[in-house]
Amino acid sequence: MRADAFGILEQLLGEVRRETGLDVRDDENVMARLETAALRAARDIARFGSAAVTLPALVDTTEGPYHLFITVMAPGRGEGAV
C-alpha cells in the first residue's frame, strides 16, 4: 500500500474507533473495505485535493450498523487533512 493510502487508512481506522469504540484491525472483511477506500481516496486526493469516503454498514455495533461517511483532504487543506 502506498504511503499516502496508508495514512488515509490510519485516519479511517481512527474515525471508526472514535465513533464506535471498536478496533476493527482483526476483521478481514472490514479491513479489505477500508483498504480499498483508502486507495481510492488517495487517488482522488491526488486529482482533486479531497475525497469523500462512504462505506455503508461497515460494521455492526450494539446500536445497529455503523456507516462511515468522511471527507479526507490533502495536507494543509483543512481540518482532518491527511
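Observations on the model:
- Residue within region 41-48 that is part of a strand (DSSP E or B) and modelled with pLDDT under 95 present: no
- Considering residues of region 62-79 that are surrounded by 13 or more Cβ atoms within 10 Å (Cβ to Cβ) and not aliphatic (A, V, I, L, M) only, the residue modelled with the lowest pLDDT: R77
- Whichever residue in region 1-36 is small (G, A, S) and loosely packed, with under 12 Cβ neighbours inside 10 Å and, among such residues, is farthest from V53 (Cα to Cα): G21
- From T36, T20, T61, residue being among the hydroxyl-bearing types (S, T, Y) and touching a Leu at 6+ places or on another chain (Cβ under 8 Å): T61
- Residue pairs whose Cβ atoms lie under 6 Å apart, separated by 6 or more positions or on different chains, with the first residue in region 3-25 and under 17 Å from V59 (Cα atoms) and the second of a type in the set (F, W, Y) and outside any helix (DSSP H, G or I), are T20/Y66.
- Condition met for R25 (among the basic types (K, R) and not in a helix (DSSP H, G or I)): yes
The values are calculated or read from the model by the stated rules, or taken from the named source; none is laboratory data. Remember, predicted model here, so these are calculated numbers, not experimental data. All Cβ positions, glycine included, derive from the backbone under ideal geometry; neighbour counts span all protein chains shown.
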